[in-house]
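> Can you read through this structure? Questions will come right after.
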Amino acid sequence: MIKDIENIELQLLTLNDYQALKAAMIQAYPSMPDSYWKESHIKALIDKFPEGQIVLKVNNQLAGCALSIMVDYDQFDEHHTYAEITGNYTFSTHTAAGDVLYGIDVFIKPEYRGLRLGRRLYDYRKELTERLNLRGIAFGGRIPNYHKFSEEMGPKEYIEKVKRKEIHDPVLNFQISNDFHPAKVLKGYLEGDEASNEFAVLLEWDNIYYKKTPKKANATKTVVRLGLIQWQMRLYKDLEELMQQAEYFVDAVSGYRSDFALFPEFFNAPLMADNNHLPESEAIRELSKHTEAIVQKFSELAISYNINIITGSMPEMKDDLLYNVGYLCKRDGTTERYEKLHVTPDEAKVWGMQGGHELKTFDTDCGKIGILICYDSEFPELSRLLADEGMDILFIPFLTDTQNGYSRVRHCAQARAIENECYVAIAGSVGNLPKVHNMDIQFAQSMVFTPCDFAFPANGIKAEATTNTEMILIADVDLSLLKELNQFGSVKNLKDRRKDLFELRKR
């Protein structure tokens, strides 16, 4: 190992480096002394793809190299050979329209090993892949220690033992530690590689920032702005006046270019005041008669204010049964329905309300979202199922009367953000309704929660409203950070689940 290092530098490979490159390859591959690249090969690579050819120099001496091309990955069989992927060493397979960076060669000279210099070459490849918006990196990784075990086990068993640290393979161990995952065993990959018995491991790295070229003008956004309405309960003379107040808030959050407006659970409860003389179970059914008109109005507002509206929740009669439901009114004019699956003991006892049956995520122009009404957020299985479907943001409209009830929703919501690697937005109502039975007081603090890792607030709170005060809360959330967390987080809650021990699925 070289001790007196004054300078380490990455440079683009040039033909002036060829003689040093040739000498380095002979040293790096002692078992294949005649396998070095000819000058014509290097010239072809530089001419076709100069950015893909990189050398690492220590004290101005060539210490390592990485060569690569861009390929249309789907054009190759998953069991391809090195000769096939390189166009029989002509690199005719390289195309500027390619979607994967394919590694042709990478090495560090023996005297420079142990300095973690190889990581710099791989980091460059990853940065180049992200910059060129490619799907990822792939290459056939040699397993030079396999010949020692080939009589005892097949290559698949050998790879598993390397992954479990039972066998040391310097090349494969290095690739796995750099976030590459084995995809296939390639037989007859590199002719003459006797140390690997001509086997290789197809190793892949996925670019989590890759964006497929959209065919539509309205590509999914990365940074999404949330508008939460902390609704003040007050009496309204009729539905029109209530919806005027709702439109006021939609106007306010859309004025800040919000992508979503989130209303609380049962925000329309003040309309029950006219039926306060009736038993509670009848009053709530009278309230359900307004639901269709409210959804229609919200759909119109979503279009006119160019915002996706989550309508909180409302009572709705279906097949003579009473449900707690809400609607996602998208700005493209479509609407989708969601249901409260777990009704509270009070909802069942006082109103005769039934739990819903359908749990699903919703595709929007701002990613995939989930919606759980209040009590549903306290059942972690529901949000985990939504996370398995790719949910980025979980919205929770709620209604709680006391601080301890609010605390249950608040703390469960924050747990959902951590365990499901998603953003969670909660919005509730404040104030009181002295003329509506069973809806006397409300306690709320609307908030936006994040996972707890370095890219997010340390306490997992992106934004919070003032407790028990009517207001709006605006917060931006970056969906790309969720992808990064999933791959490189300090902990990986979704990936590290022991699926060999338990299973969670919908019926």
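Every read-out reported here was derived from the displayed coordinates using simple, explicitly stated rules and does not represent laboratory data. For clarity, every value in this text was computed on a predicted model and none was experimentally measured. Don't worry about glycine lacking a Cβ; one is built from the backbone with ideal geometry, like all the others, and counts go over all protein chains shown.
> Under the rule of at least 5 residues apart or a separate chain, name every residue whose amide H is placed under 5 Å from the amide H of ILE461.
Those qualifying (amide H under 5 Å, at least 5 residues apart or on another chain) are THR450.
> In sequence order, what are the phi-derived ³J(HN,Hα) couplings for the range 150-155 according to the Karplus relation 6.51 cos²θ - 1.76 cosθ + 1.60 with θ = phi - 60°, rounded to whole Hz, with x for glycine and proline?
4, 7, 8, 7, x, x
> Now, a different point. Going by amide H atoms built from the backbone, whose H comes under 5 Å of the H on PHE49, apart from near neighbours?
none
> Where a Cα-Cα gap under 19 Å defines reach, which lysines qualify for LYS109, not counting those fewer than 8 residues away within the same chain?
The reachable lysines, counting only those whose Cα sits under 19 Å from LYS109, are LYS3, LYS22, LYS38, LYS57.
> Would you list, by chain and number, the lysines whose Cα falls below 18 Å from the Cα of LYS297, excluding same-chain residues fewer than 8 positions away?
Candidates past the 8-residue exclusion: LYS237, LYS289, LYS330.
> Given the Cα-Cα distance of ASP320 and GLU157 and 0.36 nm per residue of separation, how much length would full extension add, in nm?
52.6 nm
> Give me Rg over Rh for the chain, both radii from the alpha carbons and Rh done the Kirkwood way, two decimal places.
Here Rg/Rh amounts to 1.12.
> So what's the convex hull volume per residue for the Cα atoms of the range 224-488, in Å³? Each step should come with its number before you reach the end.
Working: hull volume 28.9 nm³, N = 265.
Per residue, the Cα convex hull of the range 224-488 comes to 109 Å³.
> Here's a follow-up. Evaluate E = 1/(1 + (r/R0)^6) for GLU84 and GLN487, where r is the Cβ-Cβ distance and R0 equals 41 Å; express this FRET efficiency to the nearest 0.05.
0.90
> With labels modelled as points extended 7 Å from the Cα through the Cβ direction, what inter-label distance (nm, one decimal) is found for VAL350 paired with GLU130?
It is 5.2 nm.
> Over all directions, the average projected area of the alpha-carbon convex hull for the range 1-95 comes to how many nm²?
Dividing the Cα hull surface by four gives the mean projection, 7.2 nm².
> Ok, one more. Any chance you could run the full-extension gain for THR14 through ARG257? It's 0.36 nm times the residue separation minus the Cα-Cα distance, nm to one decimal. Before the final figure, lay out the partial values.
Working: separation 243, 0.36 × 243 = 87.48 nm, distance 4.95 nm.
Between THR14 and ARG257, full extension yields 82.5 nm more.
> Applying a 10 Å radius around every beta-carbon, put 274-285, 6-17 in order of their mean neighbour count, most first. Let's see the in-between values first.
Details: 274-285: 16.2, 6-17: 12.8.
Put in order of decreasing packing, that is 274-285, 6-17.
> Go ahead and collect, in residue order, the members of the range 256-271 whose backbone nitrogen is under 12 Å from a label point 7 Å along the Cα-Cβ direction of ASN306.
Residues 256-259 qualify, since their backbone N sits under 12 Å from the label point.
> Right, something else. Toward the positive end of the charge dipole of the chain, about the Cα centre and with charges on Cβ (Lys, Arg +1; Asp, Glu -1), which of ILE26, PRO264, GLY103 goes farthest?
ILE26
> Would you kindly state how much longer the chain becomes between ARG234 and ASP440 on full extension, computed as 0.36 nm times their sequence separation minus their alpha carbon distance, in nm to one decimal?
Working it through step by step, the gained length comes to 73.1 nm.
> Another one. For the range 388-441, I need the span (max minus min coordinate) of the C-alpha atoms along each principal axis, in Å, sorted largest to smallest.
Cα spread of the range 388-441 along its principal axes, largest to smallest: 43, 18, 14 Å.
> Let me ask you something else. ³J(HN,Hα) across the range 353-363 via Karplus (A = 6.51, B = -1.76, C = 1.60, θ = phi - 60°), whole Hz, x for Gly/Pro?
Taking θ as phi minus 60°, the curve returns 7, 9, x, x, 10, 10, 10, 7, 8, 10, 7 Hz for the range 353-363.
> If packing is taken as the mean number of other Cβ atoms within 10 Å per residue, what is the order of 266-272, 316-322, 392-398, highest first?
Top to bottom by mean Cβ count within 10 Å: 392-398, 266-272, 316-322.
> Mean projection of the alpha-carbon convex hull of the range 364-507 over all orientations, in nm²?
Projected area, direction-averaged: 10.2 nm².
> According to a simple spin-label model (label point 7 Å from Cα along Cα-to-Cβ), what is the distance in nm between GLN403 and LYS506?
Modelled inter-label distance: 3.9 nm.
> Using a Förster distance of 35 Å, how high is the FRET efficiency between ASN173 and ASN7, based on the Cβ-Cβ distance and rounded to 0.05?
Numbers: r = 28 Å, r/R0 = 0.81.
The formula returns an efficiency of 0.80 here.
> Taking Rh as the Kirkwood radius computed over C-alpha pairs, what is the Stokes-Einstein D of the range 129-262 at 37 °C in a medium of viscosity 0.692 mPa s, expressed in µm² per second?
Working: Rh = 19.9 Å.
Here the translational diffusion coefficient equals 165 µm²/s.
> Amide H neighbours of MET353 under 5 Å, at least 5 residues apart or on other chains, H built in the peptide plane: list them.
Distant-sequence amide H within range of MET353: ALA348.
> With viscosity set to 1.306 mPa s at 10 °C, what whole-number translational diffusion coefficient in µm²/s follows for the range 213-325 from Stokes-Einstein and a Kirkwood radius over Cα pairs?
Translational diffusion coefficient: 103 µm²/s.
> Further question: For the range 441-507, compute Rg over Rh where Rg is the Cα radius of gyration and Rh is the Kirkwood radius from the inverse mean 1/r over Cα pairs.
A ratio of 1.11.
> What whole number of Å gives the distance from the Cα centroid of the range 369-414 to the Cα centroid of the range 21-98?
Taking the Cα centre of each part, the range 21-98 and the range 369-414 sit 51 Å apart.
> Shifting gears a bit: Viscosity 0.890 mPa s, temperature 25 °C: Stokes-Einstein D of the range 301-356 from its Kirkwood Cα radius, in µm² per second?
Working: Rh = 12.2 Å.
D, rounded to a whole number, is 201 µm²/s.
> In percent, what relative contact order does the chain have, based on Cα pairs under 8 Å that are 6 or more apart in sequence?
11 percent
> For the range 8-206, take N as its residue count and report Rg(C-alpha) divided by 2.2 N^0.38 Å.
For the range 8-206, the normalised Cα radius of gyration is 0.97.
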